[in-house]
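Peer 1: Structure provided below as C-alpha cells; questions to follow.
Please treat every number below as a calculation from the coordinates, not as lab data. Everything numeric here is computed off the predicted structure, so don't read it as measured data. Cβ sites come from the backbone with ideal geometry, for glycine too, and all protein chains shown count toward neighbours.
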Amino acid sequence: MPVTRRDVLWGLGGGLAGAALTPVPWKLLDDTAIWTQHRRALPVPPRGPVSFRPAACTLCSGGCPVRVRCVGPRPVAVVGEMRHPLGGGACAIGLTLHHLAFHPLRLPGPKLRRDGRRESVSLDAAVARVARAVDAAQAGGRKVMVLDRRPGRVVSAAWGELIAGLRDGVYATVPGEAETLAVLEAALAKRTPLGVDLEKTRTLVGFGAPLLEGWGRAGRMLAVRPGLRVVQVEAWRSPSASLADEWVEVAPAGEGPLALALAHVVARDSGTLVGEEMRRALSGFSPRDAAARTGLDPERIEALARALRRDGPAVAIGGGEPGAGPLPRDAERAIVLLNVVLGSVGRAGGIVPRRAVPGGDGAGQRPTALADVAAGSVGVLLLDGADDGRALPWPVLHAALAPDAVVVSLSPFDGPLAGEADVVVPAPAPLEGWDEVLPTGDASVASYSVSAPVVAAPPGATDPVAFVQALAAAVRVGVGPGTHEERLRARVAVIQATGRGRTVARGEAGYDEAPAANADAAWTTLVSGGCWIDDPAETAVLAVHPPVPSSAVVEAWRTAPTQGLALVTFAARGTVGTTPPSPLLTKLYQESDLRPAATIAALGPATAARLRLAQGQPIDVDTPAGVVRAAVRIDSTLPPDRVALAAGPDSAALHPGLKSEARGALPLVATAADATWRETRVRVREA
Amino acid sequence: MNTVRKPRGARYGMVIDLDKCNGCGACAVACAVENNVPPAAERANDRNGITWMRVHRLEAPGEARAAFLPMMCQHCGDKTPCVSVCPQNAVEVDGASGIVTQVPVRCLGCRYCMAACPYHARSFNWWDPDWPGSLTETLNPEVSTRTRGVVEKCTLCSHRLQAAQEAQAASGEGTKPPAYTPACVEACPAAAIVFGDLDDPASEAARLAGSPGSFRLLEQLGTGAKVYYRTGRDWVRRLAGGRAAGDGRTRG
C-alpha cells in the first residue's frame, strides 16, 4: 500500500496528540522552568567552615551583645545573645549589622572636597589638610570642636587628650537618651552617675522616650515589663504608645508643661515642696495652666498625677526620641522636678547612683553640650565616627560653624553629615574595628565589654585612635602612644586592678562568673564575649538642688501653641544616625507598614477631610526649611492638626542610587537656639 | 560501617505568644537574612513584596495596648490548599517533618498556590533579586537564591533541619526527630515563639499548643495548621481568629 502525504500527516498528528498525553510536555515545562532559573545573575554564595564570633552591636548606645555567624571569612548572620546577664537579644536593625561593611554607601578611603567635588587622597594628605585647618582656626581665634556622640570610650579619651592640648578646643556631645539623668546629676550636691532601679520600679513615664522599642538595654526592659506600668506621653501613637498601659496624647512640645503640671499636683497633694525656688516654680503652674499647651484636660492631668503617686515608685524619663531629637532643657528640668516631688531620687525602684566605669576620664575632659557652643565660633569641626543612632540635622551643627569652617567626618559611610564634610577619613565599619560597650542610660550598675573585629577592614579605613594620633603629631600636640587595642587592654587592666565587680565569661552553655586572676585573663574573657559588671553602688540619700524651668519659658507654656499643622517627627533608634540602615530593612519599612516609612505622612481623619486629602494621595509637606514629598495615610489614632512624618530611614540608604523627593522629616524641621527641633509648623498641599 | 537509623516522623510546629510579641520585626528580618530574601525592589509594597514572615498590628477601639501577630506559612497538615493546586509538584508536605516545602526550581509561577492559600502567606518574585553593592557577600550558602517568576514562602528553616538530621546521622545517636531552631525563633528578643515537635508530648511546643488559650488561624477551614497562637486577651483572639470582623482593624 503506498504511503501518501496524507498518511504522513495523520501519523505526525497522531504522534503529537499521543505525546501530549504522556509526561513529556510536562517534563519539558518543568525543565524550561529549571533552565530559566539558572541564570548567571543569580548569586551563588560560596560554602566554607562555619564559625561563631562574639561582638557587640554599636549602632546605638544600647550595645547589645551578639554572635556573628561567619562562613569562612564572610559574616552571614547576626544573632542576639539572649542569655546575657545584662539583658540580651538584638533588635531588627542590629540583626543586619553584618550588612554594613558591605553597604553601598560605604566610603572606601579618605577624600577631600575640592571645588565642590570629592577626590580620593592618601591618609597623609587628609591629615595634612586637617592640620592646616586646625592651625588656621587657632591662629584666627576660632574653636576646634570634636563632636563625640558616644563619650566615655578610649577613643573619647584620645580626643580629650588632643583637645586638652589645643588653645581653644571644645570636646562636645549631644544629649542622649539619659539626658534626664544627666540634668539631675548636674544638680546633685556630689556628682555621681545615675541609673534607674527598673527591677523595683512600678511605674515608668516616658515623656517621648521610646521606652518599649529600644530604650536603654532593650533586653532589660523586656525582662521587667510584666511587673511595670508604662505610661507613654507622646504626640502620636508610637510603637511604645501602642504597647504602653496608657498613652497620653500630648500636643507636640507639650512634654515640659505636662511634667510641670504633674509635679504641681503631686507636690500639692503630698506636701513635698522643698525650697522657695521650687515652691515658686510649682505653685503657679496648675493643670489648668498646662491645658492649652498640652492639649489635655486638667482633670486628666490630675488623674495621671494621682496614679503616679499611688503606683510608686514612679520614674519619669525624658531624653527625647531618636527622630524628634532631645527635649528642650527646660522640659528636662520639669521632668527632673517631677522625679524629685515623686520622691524617686535616691530610693529603691527610683533613680539610683551607680559608679563610673574606671579608666575613662579622657584627660579630664567633660563634654560640653552642643547647645552651649557659641554660634559661628567653630573653625574646625571633627565629627567622630561613632554613632548613637539618633538624628542630628545638619542645621543644628551648622549654626555653630564659622563661615569658612572646615568639617571633618570619620564616619565610615556617606551619610547625611559626611555629605557636608570637606574631609572624610572613614573609620572601620561596624564589626571591622575595635569598639567598647559602656552602660546604657538606664543601667543601675556600671558594666564594660569589648567588641573585637570580626571581619577585616579595607585598606582605606583608618582607626580613629590612629587618626587622632596622626593629627596630634601634625599639630604638635602630645597624645599618648598605643594603638586602639593597646588602649583597650590598658583600660581592662585598670578595671581589673580595682578589684570591683565580677567578670562574666561566655561559655557554650551560657554566661558564668569567671574571676579573672590578672589583666590578661580579664582581657581574654572580655574579647571572647564576656563582660565586667560592677557591684551595685550603695543607695544613699542624694542631696539635690533641683533645677527649675526658667520663668520666661514657664510663662510661654501657659499660652496655646501657634495655630496650624504641627509636625510630629519620629524614628526608630539606629535608623537616623550616621550609619545607613541595611537595604533589607525595606522588609519592615516598605513591604509592610509595621513601621511607618519616611515616605508616608499620617494625618487624622478630620484633618485629612478638612484638607480634602485621600489615602495614598501624594502631597508636598512644606516649611520655611524645605519641602518633601510624601503619601497620605489616614490614621484614626492621630489627634487633629498634626502631621506625623518619620525622620528616617532615608530612602537613599534603603535604595542606594535612587533619587527620591521623599526624604523624611529632617529637611523640614525648624531648629531652635538650644539645638532642638521639636516645634515645627507645616503646610500641606497636593503634589 | 555506621548504620544510619531513620528517625521517626515528626510534626514540627510553633506556638506564638501574642501577649509577649512587641512587634519589633526582628523575626521578619532574621528570616530574610537566613533565607536570602532580597531587599525590596523600588516598586515593591506590602502586597507584592517578598515577606516570608510578616508582623501584623492589631488594634481595637477602647483597648489601650495594641497586639502584634507574626504571620507566616501556617504549614497546614490535614488540608493543604497550596499542595493540591500546584500543577508542578513544587509544593509538597514532607512526611518526615510535616513541613510544607516549596521547591522554587519546579515552580512555573502560575500562582495558583497564592490564590489558594487562605493565609496569604506566599510571595511571588515580581522582580529579579538584587542585593545592592557587595551585599551578596553576606548571603547564606545553605539556602539557594531564587529568580524572578517563582513563588516562595516559609520553610520553617528546613535547611537547619537537614543540618540537624545530618549531625544526628553522623553521630549515630538518637532515633527521635532532631531538635533545631528556625531563625525567627532564635531572633525573637521577647522569646515569644516556641518551636518543636508537636507530636512529642515532652516538647514545650506540644504542651503549649494543647493548652487552653492556644488557637489556630481560620480554624474553621480545617487546614490542620501547625502554627498556634496564644493570648489572654479575648479581643486579640477574636480578631486573630477572624471571628470578630468589624470590631477592630488590622495593619500589616
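Peer 1: Give the order of A:CYS531, A:CYS60 when sorted by the count of other beta carbons within 10 angstrom, beginning with the fewest.
Peer 2: Values: A:CYS531 24, A:CYS60 28.
So the residues, fewest neighbours to most, are A:CYS531, A:CYS60.
Peer 1: Now a separate question. For the stretch B:68-160, which trypsin sites (Lys or Arg not before Pro) are in a loop by DSSP, counting at most 13 other Cβ atoms within 10 Å?
Peer 2: Values: sites: B:LYS79, B:ARG106, B:ARG111, B:ARG122, B:ARG146, B:ARG148, B:LYS153, B:ARG160; in loops: B:LYS79, B:ARG111, B:ARG122, B:ARG146, B:ARG148, B:LYS153.
Counting only loop positions with at most 13 other Cβ atoms within 10 Å, the trypsin sites (Lys or Arg not before Pro) in the stretch B:68-160 are B:LYS79.
Peer 1: Return the loop-located trypsin sites (Lys or Arg not before Pro) in the stretch A:592-643 (DSSP other than H, G, I, E, B) with at most 13 other Cβ atoms within 10 Å of their own Cβ; answer none if there are none. Please report the intermediate quantities before stating the final value.
Peer 2: Details: sites: A:ARG610, A:ARG612, A:ARG629, A:ARG633, A:ARG642; in loops: A:ARG612.
Of the trypsin sites (Lys or Arg not before Pro), the ones in loops of the stretch A:592-643 whose Cβ has at most 13 other Cβ atoms within 10 Å are A:ARG612.
Peer 1: Which listed residue (A:VAL548, A:THR623, A:VAL643) has the Cα farthest towards the positive end of the charge dipole for the protein assembly as shown, taking +1 on Lys and Arg C-beta and -1 on Asp and Glu C-beta about the Cα centre?
Peer 2: Working it through, the farthest residue towards the positive pole turns out to be A:VAL643.
Peer 1: Once label points are set 7 Å from the Cα along Cα→Cβ at both A:HIS545 and A:THR22, what is their separation, rounded to one decimal in nm?
Peer 2: 9.9
Peer 1: Okay, moving on. Can you list the aspartates and glutamates whose alpha carbon sits under 18 Å from that of A:LYS111, skipping same-chain ones fewer than 8 residues off?
Peer 2: Excluding near neighbours in sequence, the set is A:GLU119, A:ASP124, A:ASP384, A:ASP414, A:GLU420, A:ASP422, A:ASP463.
Peer 1: Please state the shape class of the stretch B:32-170: rounded when a/c is under 1.5, otherwise prolate if a/b exceeds b/c and oblate if not, all from the C-alpha gyration tensor. Before the final figure, lay out each step's value.
Peer 2: Values: a/c = 1.32, a/b = 1.15, b/c = 1.15.
Since a/c stays below 1.5, the shape of the stretch B:32-170 is classed as rounded.
Peer 1: Below 15 angstrom from the Cβ of A:PRO73, what's the summed charge of the other residues (Lys, Arg +1; Asp, Glu -1)? Provide the component values of the computation, followed by the final result.
Peer 2: Numbers: positive: A:ARG47, A:ARG53, A:ARG69, A:ARG74; negative: A:GLU432, B:GLU137.
Overall, the nearby charge balance is +2.
Peer 1: So how far, in whole Å, is the C-alpha centre of the stretch A:401-478 from the one of the stretch A:209-229?
Peer 2: Cα centroid of the stretch A:401-478 versus Cα centroid of the stretch A:209-229: 29 Å apart.
Peer 1: Starting from 0.36 nm per residue, how many nanometres of slack lie between A:ARG202 and A:ARG629 once their C-alpha separation is accounted for? Let's see the in-between values first.
Peer 2: On the way: separation 427, 0.36 × 427 = 153.72 nm, distance 4.29 nm.
Contour length minus Cα-Cα distance gives 149.4 nm.
Peer 1: Moving on to the next point. Just the isolated ones, please: cysteines in chain B lacking another cysteine beta carbon under 4.7 angstrom.
Peer 2: B:CYS21, B:CYS24, B:CYS31, B:CYS76, B:CYS86, B:CYS107, B:CYS110, B:CYS117, B:CYS157, B:CYS188
Peer 1: Once you list every other residue whose beta carbon is under 10 Å from the beta carbon of A:ARG153, what net charge do they have if Lys and Arg are +1 and Asp and Glu are -1?
Peer 2: Working: positive: A:ARG150, A:ARG487, A:ARG491; negative: A:ASP148, A:ASP384, A:ASP435, A:GLU436.
Surrounding charge for A:ARG153 is -1.
Peer 1: Same structure again: Can you bin the stretch A:209-323 into rounded, prolate or oblate? Criterion: square roots of the alpha carbon gyration tensor eigenvalues sorted a ≥ b ≥ c, rounded for a/c under 1.5, prolate for a/b above b/c, oblate for the rest. Working shown, then result.
Peer 2: Numbers: a/c = 1.99, a/b = 1.53, b/c = 1.30.
Cα axes put the stretch A:209-323 in the prolate bin.
Peer 1: Calculate how many DSSP beta bridges within the protein assembly as shown are antiparallel, expressed in % of all such bridges and rounded to the nearest 5. It would help to have the intermediate numbers written out before the result.
Peer 2: On the way: 71 of 115 bridges.
Counting only bridges with both partners in the protein assembly as shown, antiparallel ones make up about 60 percent.
Peer 1: Within 10 Å of each Cβ of A:83-93, how many other protein chain Cβ atoms are there on average? Please list the in-between numbers first.
Peer 2: Values: counts 0, 0, 0, 0, 1, 2, 7, 6, 6, 11, 4.
The mean count of partner-chain Cβ atoms within 10 Å per residue comes to 3.
Peer 1: Can you list the lysines whose alpha carbon is less than 20 Å from that of B:LYS176, not counting same-chain residues fewer than 8 positions off?
Peer 2: Once the sequence-local lysines are set aside, what remains near B:LYS176 is B:LYS6, B:LYS226.
Peer 1: Give the relative contact order (percent, whole number) for the stretch A:93-210; include only Cα pairs under 8 Å separated by 6+ residues. Present the calculation step by step, with values, prior to reporting the outcome.
Peer 2: Working: 77 pairs, mean separation 16.7, N = 118.
Once normalised by length, the contact order is 14 percent.
Peer 1: Using alpha carbon centroids, what distance separates the stretch A:288-358 and the stretch A:90-161, in Å?
Peer 2: 37
Peer 1: Further, regarding this structure: So what is the calculated 222 nm ellipticity per residue for the protein assembly as shown, using -39500 (n - 2.57) for each DSSP H run with n of 4 or more, over all residues, to the nearest 500 deg cm²/dmol?
Peer 2: Values: 27 runs with 249 residues, N = 939.
Counting only the DSSP helices, I get -7500 deg cm²/dmol.
Peer 1: In addition: For the stretch B:7-120, what is the relative contact order in percent, using Cα pairs closer than 8 Å and at least 6 residues apart in sequence?
Peer 2: Values: 132 pairs, mean separation 28.6, N = 114.
It rounds to 25 percent for the stretch B:7-120.
Peer 1: Here's another thing I want to ask about it. When DSSP beta bridges are limited to those with both residues in the stretch A:375-474, what percentage is antiparallel, rounded to the nearest 5?
Peer 2: On the way: 3 of 10 bridges.
Given both bridge residues lie in the stretch A:375-474, the antiparallel proportion sits at roughly 30 percent.
Peer 1: Cα gyration tensor of the stretch A:491-587, axes a ≥ b ≥ c as square roots of the eigenvalues: rounded (a/c below 1.5), prolate (a/b > b/c) or oblate?
Peer 2: On the way: a/c = 3.99, a/b = 1.64, b/c = 2.44.
Judged from the Cα gyration tensor, the stretch A:491-587 comes out oblate (a/c at least 1.5, b/c at or above a/b).
Peer 1: For a quick check, take a GNM of chain B with Cα springs below 10 Å and name the residue from B:LYS226, B:LYS176, B:LYS20 with the largest mean-square fluctuation.
Peer 2: Result for chain B, Cα springs under 10 Å: B:LYS176 fluctuates most.
Peer 1: Quick one: order A:ILE600, A:ILE93 by neighbouring beta-carbon count within 10 Å, fewest to most. Don't skip to the answer; put the middle values down first.
Peer 2: Details: A:ILE600 20, A:ILE93 28.
By the 10 Å Cβ count, ascending: A:ILE600, A:ILE93.
Peer 1: Efficiency by 1/(1 + (r/R0)^6): what FRET value for B:SER171 and B:GLU42, r their Cβ-Cβ distance, R0 = 51 Å, to the nearest 0.05?
Peer 2: 0.60
Peer 1: Taking each residue of A:650-656 in turn, how many C-beta atoms of other protein chains fall within 10 Å of its C-beta, and what is the average? Display every interim value, and only then the final one.
Peer 2: Details: counts 0, 1, 0, 0, 4, 5, 4.
Shielding by partners across A:650-656 averages 2.
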